[in-house]
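Engineer: One structure follows; several queries about it will come next.
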Amino acid sequence: MNGLVAAPPTSWEWIWDHRDTIGQLFVQHVQLTAIAVAIGLAISIPLSLLAYRYGVTYAPITWFTGLLYTIPSLALFAALTPFTGLSVKTAEIGLVSYTLLILVRNIVVGLRSVPDDVKEAARGMGYTRRQLLWRVEFPLAMPAIAAGIRVATVSTIGLITVAALIGKGGLGQLIVEGLRILYPTEILTGALASLVFALAADALLLWAERALTPWTRVRVRAFVPPRPVGR
Amino acid sequence: MQSVESTRGATETEASKEAMISLRHVTKRFPNTRSPAVEDLSLDVPQGETVVLVGPSGCGKTTTMRMINRLIEPTSGEILVDGRDVMRQDPVELRRGIGYVIQSIGLLPHRTVAQNIATVPRLTGWDHNRIQPRVDELMEIFGLDPELKQRYPSELSGGQRQRVGVARALAVDPPVMLMDEPFAAVDPIVRARLQEQFLDIQRRLQKTIVFVTHDIDEAIKMADRIAIMNLGGVVEQFATPEEILREPANDFVKQFVGAERGLKRLALIKVADIQIEDGPVVSPSASPDEARNAMRRFSLDWTSVVDDGELLGWVDESALQGAGRVGEASPRPFSAYVTASDSLRQALDSIVTSRTQVAVVVSEGQRYLGVLSLERISQEIIS
Amino acid sequence: MHTLVQALKWLVDGSHWSGFDGIPVRTLEHVEISVAAVAIAAAVAIPLGLFIGHTRRFQFLAVSVANVGRSIPSFGILSIAYVIVLKVAPGFAFGFVPTVTALVLLGIPPILTNTYVGVQNVDADTVEAARGMGMSERQVLLGLEVPMATRLMMAGIRTSSVTVVATATLSALIGGGTLGRYIVDGFAQSDNPKLVAGSILVAVLAILTELILGRVDRVLAPRTASRGAWARRRLGRQAA
């Protein structure tokens with residue numbers, strides 16, 4: 001133990017020697033993230049539309065997804081193992097569960113933030129219900145939805161490291177291994193790599209968010225919304 | 001032959017115009033409210049005319065308008081647009097054929113100005129090659145700089161937004177337009193300009209328009225016919241602005257129209273519409289005595305000085321002192337002039353603010369045409 | 001199902017409620033670490049947040065902290081803290097110190113953000129008027145801005161607490177105690193009932209934290225007309 005403490009915490013050689021493993025774990029990390037967010041969206045969008053259309057369902061949906069969100073990650077992953085084993089499935093069930101609250105809340109808030117007069121004008125011009133949803137409401141909800149995807153993605157990246165317990169931790173695997181043999185280089189590699197990945201993903205998605213919503217970035221002329229006159 | 005009806009008052013027959021929009025005994029009851037928003041309303045909107053629905057808050061004017069394009073469905077009664085019952089048509093198709101402008105316009109924030117204008121053409125499947133020129137055409141009609149085409153609504157001023165909104169409603173050239181307080185959200189100067197521009201365009205396009213406003217002056221300015229509405233969608237009077245001002249049907253209408261009905265009527269009559277009078281005129285080369293003769297003839301204490309048609313000003317007795325000819329008496333310019341396109345109300349303003357107590361009428365190039373006296377103007381109203 | 005039943009049996013087993021590995025001890029450890037972390041985080045974040053919100057300076061810093069703080073993988077930061085403590089003061093390496101350090105770092109962003117936004121949201125005109133009346137800066141801060149920002153501040157503390165309680169579980173992975181111990185040990189020992197029981201305990205603690213602090217939040221909530229307005233709007237608007 002003393003010997004290890006006296007040694008410098010990082011060894012670049014080690015990192016270089018193990019670049020293949022690190023690379024593979026990185027790929028695993030990316031895959032797990034992508035799958036989790038994709039499935040999360042696939043579940044969240046219908047749920048959100050339901051909550052948007054029928055407001056009463058919003059509370060129970062939020063309550064349930066909130067409950068899932070509150071359960072600490074280690075607990076969730078561990079508790080699933082007796083049932084679904086040490087598999088990607090276990091990890092994904094946990095990861096997807098954590099994305100739901102963020103995604104549902106952001107999608108619903110985004111949809112609700114679409115100005116009433118825009119919807120009124122669109123209906124009056126002759127948009128069908130479906131066209132209104134896909135061509136007006138969803139695009140205008142994009143800023144909130146994109147923000148939700150970004151937060152969900154970044155938190156998923158962090159949570160994957162915890163799944164190292166069950167062997168599906170991506171870069172977190174390095175942390176766990178490093179802890180087992182008390183080798184600081186490995187620990188730091190895993191920790192810093194996942195940190196950098198998270199920050200990079202955040203920046204990348206922020207850029208994508210901006211690129212997708214050009215109308216929010218332009219200079220706004222002050223327009224005071226009219227008070228409903230004569231009503 | 002179609003009847004122009006009002007629920008109170010006489011029924012007129014309009015032999016020459018078909019009703020483009022017909023509301024027959026329309027009632028709308030909203031759930032959880034005691035009295036109906038609109039009750040037994042019957043109204044015909046003749047083709048090519050602008051009918052303004054005006055009234056206090058809660059009179060049902062907006063509700064009525066929104067029933068025409070079926071954004072609200074009537075509880076009972078019939079609504080016909082171009083002879084067809086709106087309840088029997090596909091609502092989406094119906095709305096694509098009716099121009100719709102609301103107070104806050106509701107431009108799609110995530111689409112450029114050009115895309116906004118092209119909304120209904122795109123919905124109805126117009127070819128791209130047809131859409132582009134149409135967008136350009138509309139932007140030109142509404143005086144919108146082509147540079148604005150690629151801008152987003154948030155970058156436009158209030159006036160620009162309103163114009164884009166109206167242009168958008170006209171994109172597929174619908175025969176019918178519904179407009180709900182479209183100019184209310186801008187300041188009065190911009191509003192007046194927008195109203196003028198719109199009247200201009202309507203003169204050319206001759207659309208059938210139902211226009212809702214709470215502002216009686218706007219109604220008088222914009223309407224061919226006005227329906228003054230009271231709570232419950234009751235039409236107190238349905239007539240031309242002139243008639244409403246001249247003969248308000250009852251106290252409610254009288255009160256709603258407000259004071260100064262006479263002045264409001266004057267605003268509707270143009271100087272060009274009436275016979276102007278001669279006034280005292282001398283040329284600059286005339287003698288002071290000739291000037292005094294002119295004054296006496298018209299029982300006035302001043303006379304205009306006109307040089308070969310061009311108006312130089314006026315002179316009175318004190319100015320003529322010591323002058324050899326009228327021209328030497330330094331004619332003073334009139335403080336206000338009116339032209340043929342000004343209203344009698346403006347002429348009246350000119351009269352009360354000038355020393356000479358008449359309105360001097362000139363052509364565009366300051367060429368003297370005549371005068372208008374207070375008596376002459378009153379005659380238009382008192383008859 | 002079988003496993004679940006066994007886990008429940010494990011929970012009611014009396015022997016698991018005594019001794020240094022007993023449920024009460026572990027729970028206490030968990031709560032201690034969490035409370036310490038939130039307290040320190042609040043002690044740092046609230047004054048900082050008040051300062052930033054009141055003076056409206058360094059906002060960029062606060063926003064960056066919030067953004068970065070949200071992205072940090074909790075396990076990652078925990079293990080980094082562990083490595084650092086290991087190097088600097090090896091005697092303290094097990095559990096408590098690195099965990100609390102990491103938890104404080106994780107707990108600061110929500111409190112900081114909510115505090116400074118809460119203070120900033122106090123209408124600038126109201127503050128101006130207060131200054132104009134002759135209130136000193138401190139009076140403005142303590143008498144006006146703080147009370148009005150309290151609700152958001154509490155919300156921030158609540159978010160922070162839930163995150164901290166959840167992440168404290170990971171302390172077990174670096175040799176610490178807390179309820180996470182059951183999960184990690186249960187996993188290592190292939191003792192499924194223990195594993196699931198530990199998960200249940202941790203989940204319950206986290207949910208309880210959320211609920212209790214949520215109740216506090218609701219108590220502080222001002223009586224707004226928001227619900228009435230929503231209902232009125234629904235009645236007034238009629239769809240075709």
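No lab work stands behind these numbers, since they all come straight from the coordinates. Model, not experiment: these values are computed from the prediction. Every residue, glycine among them, receives a Cβ derived from its backbone with ideal geometry; neighbour counts consider all protein chains shown.
Engineer: What is the average number of partner chain Cβ atoms found within 10 Å of a Cβ in B:63-72?
Structural biologist: Rounded to a whole number, the mean comes out at 2.
Engineer: Can you quote the Å³ per residue value for the convex hull of the Cα atoms in the protein assembly as shown, rounded to an integer?
Structural biologist: 258
Engineer: With springs connecting C-alpha atoms under 10 Å apart, model chain A as a Gaussian network and identify which of A:128, A:90, A:213 has the largest mean-square fluctuation.
Structural biologist: A:128
Engineer: Turning to a different aspect of this structure: To the nearest Å, what is the center-to-center distance of region A:45-66 and region B:56-120, using C-alpha atoms only?
Structural biologist: The distance from the Cα centre of region A:45-66 to that of region B:56-120 comes to 31 Å.
Engineer: To continue, here is another question. Do you know the relative contact order of chain B, to the nearest whole percent, from alpha carbon pairs under 8 angstrom that are 6+ apart?
Structural biologist: 15
Engineer: Also, quick follow-up: Over its Cα atoms, what ratio of radius of gyration to 2.2 N^0.38 Å does region A:85-139 give?
Structural biologist: In units of the 2.2 N^0.38 Å rule of thumb, it is 1.72.
Engineer: Using Stokes-Einstein with the Kirkwood hydrodynamic radius over Cα pairs, what translational diffusion coefficient do you get for region C:18-77 at 20 °C and a viscosity of 1.002 mPa s, in µm²/s rounded to a whole number?
Structural biologist: Answer from the Stokes-Einstein relation: 152 µm²/s.
Engineer: Further question: Can you give the calculated 222 nm mean residue ellipticity of chain B, where each DSSP H run of n ≥ 4 adds -39,500 (n - 2.57) and the sum is split over every residue, rounded to the nearest 500 deg cm²/dmol?
Structural biologist: Mean residue ellipticity, 222 nm, calculated: -9500 deg cm²/dmol.
Engineer: Pick out which of C:143, C:53, C:118 has the largest mean-square fluctuation in a Gaussian network model of chain C, springs linking Cα atoms closer than 10 Å.
Structural biologist: Of the options given, C:143 has the highest mean-square fluctuation.
Engineer: Cα to Cα, under 16 Å, and not fewer than 8 places away if on the same chain: which lysines meet these conditions relative to residue B:264?
Structural biologist: Qualifying lysines at Cα under 16 Å: B:221, B:254.
Engineer: Another one. If you average 1/r over all unlike Cα pairs in region C:47-192 and invert the result, what Kirkwood radius do you get in angstrom?
Structural biologist: 17.2
Engineer: Hey, another quick one. Under a cut-off of 23 Å between alpha-carbon atoms, report the lysines in cross-link reach of residue A:168, not counting same-chain residues fewer than 8 places apart.
Structural biologist: The reachable lysines, counting only those whose Cα sits under 23 Å from residue A:168, are A:89, C:194.
Engineer: What length, rounded to one decimal in nm, is gained on full extension from residue B:193 through to residue B:290, with 0.36 nm per residue of separation minus their alpha-carbon distance?
Structural biologist: That pair, residue B:193 and residue B:290, stretches by 30.3 nm at full extension.
Engineer: I've got another one for you. For A:55-68, what's the mean count of beta carbons from other chains sitting within 10 Å of each residue's beta carbon?
Structural biologist: Partner-chain Cβ atoms within 10 Å, mean over residues of A:55-68: 1.
Engineer: For a quick check, take a GNM of chain C with Cα springs below 10 Å and name the residue from C:74, C:34, C:161 with the largest mean-square fluctuation.
Structural biologist: C:74
Engineer: Please give the average number of partner chain Cβ atoms lying within 10 Å of the Cβ of each residue in A:153-163, rounded to a whole number.
Structural biologist: Shielding by partners across A:153-163 averages 4.
Engineer: I've got another one for you. At q = 0.09, 0.12 Å⁻¹, what log₁₀ I(q)/I(0) does a Debye calculation on the Cα points of chain B give, no solvent, two decimals?
Structural biologist: After summing over all Cα pairs, the log10 values are -0.66, -0.95.
Engineer: Rounded to the nearest 500, what is the 222 nm mean residue ellipticity of chain C from helices alone, with -39500 (n - 2.57) per DSSP H run of 4+ residues and division by all residues?
Structural biologist: -25500 deg cm²/dmol, from helical runs alone.
Engineer: What shape does region C:159-208 take by its C-alpha gyration tensor, where a ≥ b ≥ c are the square roots of the eigenvalues and a/c under 1.5 counts as rounded, a/b above b/c as prolate, and the rest as oblate?
Structural biologist: Oblate is the answer for region C:159-208, as a/c is 1.5 or above yet b/c matches or exceeds a/b.
Engineer: Out of the DSSP beta bridges found with both residues in the protein assembly as shown, what percent are antiparallel (nearest 5)?
Structural biologist: 60
Engineer: Take every Cα-Cα distance within region B:85-154, group them into 5 Å bins from 0 onward, and report for each bin the whole-number percent of pairs it holds.
Structural biologist: 3, 14, 22, 25, 20, 9, 5, 2, 0
Engineer: Is the shape of region C:1-42 best called rounded, prolate or oblate, per the rule: a/c under 1.5 gives rounded, else a/b larger than b/c gives prolate, else oblate, with a ≥ b ≥ c the square roots of the Cα gyration tensor eigenvalues?
Structural biologist: Taking the square roots of the gyration eigenvalues as a ≥ b ≥ c, region C:1-42 is oblate.
Engineer: Okay, moving on. Magnitude of the Cβ-charge dipole of the protein assembly as shown, K/R +1 and D/E -1, about the Cα centre, nearest 20 debye?
Structural biologist: Magnitude of the dipole: close to 2640 debye.
Engineer: What lysines sit close enough to residue B:28 to cross-link, taking a C-alpha to C-alpha distance under 21 Å and skipping anything fewer than 8 places away on the same chain?
Structural biologist: Straight-distance partners of residue B:28: B:61.
Engineer: Work out the FRET efficiency for residue B:73 and residue A:21 from their Cβ-Cβ distance, taking R0 = 60 Å, and round it to the nearest 0.05.
Structural biologist: Calculated value: 0.35.
Engineer: What do you get for the angle between helix A:58-70 and the principal long axis of chain A? Use alpha-carbon atoms, 0 to 90 degrees, nearest ten.
Structural biologist: Relative to chain A, helix A:58-70 is tipped by roughly 10 degrees.
Engineer: Hey, what's the per residue convex hull volume over the C-alpha atoms of region B:338-383, in cubic angstrom?
Structural biologist: 69
Engineer: Additional query: Suppose each label sits 7 Å from its Cα in the direction of the beta carbon; what would the residue B:255-residue B:379 distance come out to in nanometres?
Structural biologist: Reported label-point gap for residue B:255 and residue B:379 is 3.8 nm.
Engineer: Work out the FRET efficiency for residue B:29 and residue A:59 from their Cβ-Cβ distance, taking R0 = 41 Å, and round it to the nearest 0.05.
Structural biologist: So, using R0 = 41 Å, E works out to roughly 0.85.
Engineer: Oh, and also: Taking the inverse of the average 1/r across all pairs of different Cα atoms in chain A, what Kirkwood radius in Å do you get?
Structural biologist: 20.2
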